[in-house]
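A quick write-up on the structure given underneath.
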Amino acid sequence: AIITTEANAMIARIHNRMPVILDANDYDAWLDPKHPTPTDLQSLLRPCPTKLMEHHPVGTHVNSPIHDDARCIEPVPGF
């Protein structure tokens, strides 16, 4: 499963939501089985700060689920 949240400023130009990317400081809390309810973890489901991300255009190779290789993330020349 992929949990999504609202998009940060970078991703919002492409789509209105994005996958949650947990901060490394939140891993222990996320994996702690002692949380009584999912509501306790709601604050961790926030957009990743834009400054921690980078992006570049990729080709249509990524559009097929049969492709699981490095070509999926190769930058497209000329963009």
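Evaluate the charge dipole of the chain about its Cα centre and quote only its size in Debye, nearest 20, assuming +1 on the Cβ of each Lys and Arg and -1 on the Cβ of each Asp and Glu.
Dipole size: approximately 300 debye.
Tell me the mean residue ellipticity at 222 nm calculated for the chain from its helices only (DSSP H runs of n ≥ 4, each -39500 (n - 2.57), averaged over every residue, nearest 500).
-2000 deg cm²/dmol
Match the structure shown to one of the listed values [x] 5.2; [y] 5.7; [z] 7.0 of mean projected area of the Cα convex hull in nm², computed from it, and give that label.
[z]
Net charge near residue 61, counting Lys/Arg +1 and Asp/Glu -1 over other residues with Cβ under 9 Å of its Cβ?
-1
Excluding ligands, DNA and RNA, what is the solvent-accessible area per residue of the stretch 1-56 at a probe of 1.4 Å, expressed in Å²?
Counting only protein heavy atoms, the per-residue value for the stretch 1-56 is 81 Å².
Taking all protein chains as present, what is the carbon and sulfur share of the accessible area of the chain, in % to the nearest whole number, probe 1.4 Å?
Taking all protein chains in place, the chain shows 57 percent carbon and sulfur surface.
The values are calculated or read from the model by the stated rules, or taken from the named source; none is laboratory data. Just so you know, these numbers come straight off a predicted model, no measurement behind them. Here the Cβ is made from the backbone with ideal geometry for all residues, glycine too, and neighbour counts use every protein chain on show. To get the accessible areas, we keep the full protein, side chains included, count just its heavy atoms, and leave off ligands, DNA and RNA. Shrake-Rupley method; radii C 1.70, N 1.55, O 1.52, S 1.80 Å.
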